[in-house]
Amino acid sequence: MNFRVAVCAALVVALAGCSSSSGLYRWVPFVGKGKKDQSNTAIAKVNKTNPFGPITGPVFYGLEMRVRVSPDVVRLSDARSLEVHLQLINRSKKEANLVFNDSRKYDFILRDIGGKKLAQWSDDQPVNQTQSYVIINPGERAEFVGSVSTRDMVAGQTYTLEALVVGYDRMRQTIQLTPAIERPAAAAQRPSPARPAPAGQKPNR
């Protein structure tokens, strides 16, 4: 009888040890914390001393997307194409590793107000079928540059420019563009006609 009591006591002690901070209990908050960190709110906290300033674009997987178009004011008479910059800023405390099936990592698509595609940057780009990667450390950024033609744009009309990361459907950002309406240049002033010379006076030659 005493032997059975001793065995039961040993089992109770063993189970208590497994539920202590050095056993199974330690892994439960670890797993829960990992799931919580995957939310945009958790991983997008910004240090006040961050060189990129406050978050101004959408955040996906801890990466903030920023899209900038050059020139800032679109004048169709001066620009045959628009230079587009896509920045991915790592706002999390972990390394971001993006994996791509081929050399296509990003794209820019210009559409009219009805959604019709007018230009796409990747249409003129060669594709390498080798798998590629982009690694962005915490507090750092990756920048991608492309261009889209303004050939089918009309001054005064509104267009949408979509920037996207290939293979990551949620990582898209759309901005609107409206080319400036330019005033026609003032007509060159014509020289005033020569006045007739007074009677009895010879005209100057």
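The values are calculated or read from the model by the stated rules, or taken from the named source; none is laboratory data. Quick caveat: nothing in here was measured; it's all calculated off a predicted structure. Note that we place each Cβ from the backbone using ideal geometry, even for glycine, and neighbour counts take in every protein chain shown.
Going by the conditions given, is Ser147 of a type in the set (Ser, Thr, Tyr) and closer than 14 Å to Leu86 by Cα? Talk me through it step by step, then tell me what you get.
Numbers: of a type in the set (Ser, Thr, Tyr): yes; closer than 14 Å to Leu86 by Cα: yes.
Yes, satisfied.
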How many of the residues in region 154-183 are in a strand (DSSP E or B) and loosely packed, with under 12 Cβ neighbours inside 10 Å?
1
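Of all residues in region 126-158, which are over 19 Å from Val99 (Cα atoms) and not hydrophobic (A, V, I, L, M, F, W, C)?
We begin by selecting, within region 126-158, every residue over 19 Å from Val99 (Cα atoms); these are 139, 146-158.
Selection gives Gly139, Gly146, Ser147, Ser149, Thr150, Arg151, Asp152, Gly156, Gln157, Thr158.
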Can you tell me which residue in region 56-65 is nearest to the chain's Cα centre (by Cα), limited to those that are outside any loop (DSSP other than H, G, I, E, B) and in contact (Cβ under 8 Å) with a residue 60 or more places away in the chain?
Met65
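Checking the conditions here, which among Val127, Val145, Val166 is among the hydrophobic types (A, V, I, L, M, F, W, C), in contact with a His (Cβ under 7 Å, 6 or more places away or on another chain) and in the same structural domain as Leu110 (by TED's automatic domain parsing)?
Details: Val127 fails: in contact with a His (Cβ under 7 Å, 6 or more places away or on another chain); Val166 fails: in contact with a His (Cβ under 7 Å, 6 or more places away or on another chain).
The conditions single out Val145.
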Among the numbered conditions (1) farther than 19 Å from Gln173 by Cα; (2) touching a helix residue (DSSP H, G or I) at 6+ places or on another chain (Cβ under 9 Å); (3) modelled with pLDDT of 90 or more; (4) surrounded by fewer than 18 Cβ atoms within 10 Å (Cβ to Cβ), tell me where Ala42 comes up short.
(3)
All positions within region 68-94 that are surrounded by fewer than 20 Cβ atoms within 10 Å (Cβ to Cβ), among the charged types (D, E, K, R) and touching a residue at least 40 places away in the same chain (Cβ under 8 Å):
Arg75, Arg80, Glu83, Lys93, Lys94
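Tell me which residues, restricted to region 66-106, are part of a loop (DSSP other than H, G, I, E, B) and either under 20 Å from Ile135 (Cα atoms) or among the β-branched types (Val, Ile, Thr) (or both).
Applying the first criterion (part of a loop (DSSP other than H, G, I, E, B)) to region 66-106 yields 71-80, 91-95, 101-105.
Of everything in region 66-106, those that are part of a loop (DSSP other than H, G, I, E, B) and either under 20 Å from Ile135 (Cα atoms) or among the β-branched types (Val, Ile, Thr) (or both) turn out to be Val73, Val74, Arg91, Ser92, Lys93, Lys94, Glu95, Asn101, Asp102, Ser103, Arg104, Lys105.
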When (1) under 15 Å from Val166 (Cα atoms); (2) without any contact (Cβ under 8 Å) to a residue 40 or more places away in the chain; (3) surrounded by 18 or more Cβ atoms within 10 Å (Cβ to Cβ); (4) of a type outside the set (Ser, Thr, Tyr) are applied to Asn97, the one that fails is (3)
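Suppose the filter is in a strand (DSSP E or B) and in contact with a strand residue (DSSP E or B) (Cβ under 9 Å, 6 or more places away or on another chain); does Ile113 pass it? Working first, answer last.
On the way: in a strand (DSSP E or B): no; in contact with a strand residue (DSSP E or B) (Cβ under 9 Å, 6 or more places away or on another chain): yes.
The answer is no for Ile113.
Every residue in region 126-153 that is outside any strand (DSSP E or B), surrounded by 13 or more Cβ atoms within 10 Å (Cβ to Cβ) and either on the phi < 0 side of the Ramachandran plot or among the β-branched types (Val, Ile, Thr) (or both), please. Lay out the reasoning, then the answer.
Here is the first cut: in region 126-153, the ones outside any strand (DSSP E or B) are 126-131, 137-140, 150-153.
So of that shortlist, the ones also surrounded by 13 or more Cβ atoms within 10 Å (Cβ to Cβ) come out as 138-140, 150, 153.
Answer for region 126-153, where residues must be outside any strand (DSSP E or B), surrounded by 13 or more Cβ atoms within 10 Å (Cβ to Cβ) and either on the phi < 0 side of the Ramachandran plot or among the β-branched types (Val, Ile, Thr) (or both): Pro138, Glu140, Thr150, Met153.
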